[in-house]
Amino acid sequence: MNQPSPRRHFLTQSGISLGSMALSSLLSASEQSHAAVSSALTLPVRAKRIIYLFMHGGPSQLDLFDHKPGLRARHGEELPASVRGDQRLTGMTSGQKSFPVTSSAFRFHQQGDSGAWVSEIMPETAKIVDELCIIPSLHTEAINHDPAAMLMQTGHQQPGRPSFGAWASYGLGTENSNLPAFVVLLSHGSAARPADPLYARLWGPGFLPSSHQGTAFRSGGDPVLYLSNTPGVSSDSRRDQLNVLSALNSARSNITGDPETETRIAQYELAFRMQTSVPELVEMNDETESTFAAYGPASRQPGTFARHCLLARRMAERGVRFLQLYHRGWDQHYNLPSDIRLQARDVDQPAAALIRDLRQRGLLDETLVIWGGEFGRTTYTQGKLEPNNYGRDHHGRCFTMWLAGGGIRPSLVYGKTDDYCYNVVENPVHVHDLNATLLHQMGIDHTRLTHRFQGRDYRLTDVHGNVVQDIIR
């Protein structure tokens, strides 16, 4: 009979002590994390929840919000080298011999007490401009979609970090035990173009417990996969199964101390409660005709941005902490005038209706709504400038987002770009500054909401970011 190896013998004899050491280490890390969360929640809470309307692909600020009438006189001229400077360009335009300045094809109108300029293709947004804080001075160093979206959503261009929604769930939890704290809704734009991929890591938990990842709702079939019982299994039978499974997982957790086992128990229980709460949420049988009319006819069609805006309001009423709505199709390297009209038509009325609806129901002051993408578009044309057509490349040096509610100053345009809409010249706001400000409105000190991983304390804003006090009421 073979004798066990010294290593195997040592591990066998030392299993209990090693397990105790591991459990002690896990508990120590957990205690540190809870302490970090508690110490971070030191600020007045202005926003109980966030609804993030993310226009994936990079909407053109030049054609929507950042009005540059002087470009009409310069249309077709070469962009001065002094303006472009040493900016790193994408591979799609870095080889161009010419960079012709391109003015917008659309008319703009000045609106509201703030005097904000809004494009003609966003007429409903123009009507609510006094609810908005428009920031044309956002900037980022990322120039391609995936790293730019990663930076915006997780605070880092490389994958592996927790998403904003995961941090919010980790720090604040949910106000409704029957729904997830963090929900994701994806819709496709009307522009007929290949959509850049949206990877689940954008709403992932990173190194936080997996219970904080975003729950993606589907537009067809069961809203959440595997939520319904299999044929022949009653609710009582399912409850009995979960009781047995919970007992087994609890016994395992007592042995290993693995926090993921506790997460698994909690997720099974949440899924059981969601079997009742989710169908009532998504069926919308209690909504009025006037509400559907306000959000537009597409609000009756599952999977549309309009439907998701209405669903976001319903989730906000029910205490969901973080709602991430992705609308795809904004990557307009060509055929921009026609495609951006379609995209704007998708989102203009529903987004404006969401703001009005939240205001009418007394929810806007405690709900922070964000609209924008991962970067903007260039003032020069990608490829050849045609008489009635153009495209724009990615541009991170300046782009526009708007905020509403949640203690943010309304009727404000904060920041300014140069005459070419190429560089920020007043009140620059970096991605980390934006995220620091959003956390601040939720009552969180962004420098103190940390999680220790591999010997380092990580946070959403990495080692950067300043709260933009000028936009806070």
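Nothing in this text is a laboratory measurement; each read-out follows from the coordinates by a stated rule. The model shown is predicted, which means the values in this text are computed figures rather than measured ones. All Cβ positions, glycine included, derive from the backbone under ideal geometry; neighbour counts span all protein chains shown.
Structure above, values below:
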quantity	calculated
Dipole of the chain, positive direction: furthest Cα of 466, 93, 429, with charges on the beta-carbon	93
Neighbour-count order for 37, 468, fewest beta carbons within 10 angstrom listed first	37, 468
Sequence ranges 69-77, 376-384, ranked by mean other-Cβ count within 10 angstrom, highest first	376-384, 69-77
Nearby lysines by direct alpha-carbon distance to residue 97 (threshold 27 angstrom, same-chain neighbours under 8 apart not counted)	68, 384
Long-range HN-HN contacts of residue 101 with modeled amide H, under 5 Å	76, 77, 78, 79
Dipole of the chain, positive end: most advanced residue of 396, 83, 257 [Cβ charges, Cα centre]	257
J(HN,Hα) series, segment 443-453, from Karplus relation 6.51 cos²θ - 1.76 cosθ + 1.60, nearest Hz, glycine and proline x	x, 10, 7, 5, 7, 10, 7, 10, 9, 7, 9
Charged-residue dipole, Cβ positions (Lys, Arg, Asp, Glu), the chain about Cα centre, Debye nearest 20	620 debye
Sequence-distant residues sharing a close amide H with residue 111 (under 5 Å, placed H)	116, 117, 118
Karplus (6.51, -1.76, 1.60) ³J(HN,Hα), θ = phi - 60°, over segment 430-442, in Hz, Gly and Pro reported as x	7, 3, 5, 5, 4, 5, 4, 5, 4, 5, 4, 5, 8
Burial ranking of peptide ranges 113-126, 276-289 (average Cβ count within 10 Å, highest at the top)	113-126, 276-289
Counting all C-alpha pairs of the chain, share separated by more than 28 Å (%)	55 percent
³J(HN,Hα) computed for each position of segment 173-185 - Karplus, 6.51 cos²θ - 1.76 cosθ + 1.60, integer Hz, glycine/proline x	x, 10, 9, 9, 6, 9, 9, x, 6, 9, 10, 10, 10
Neighbourhood charge, 12 Å Cβ-Cβ cut-off, centred on residue 325 and excluding it, Lys, Arg +1 and Asp, Glu -1	+2
Built amide H within the under 5 Å cut-off of residue 468, gap 5+	437
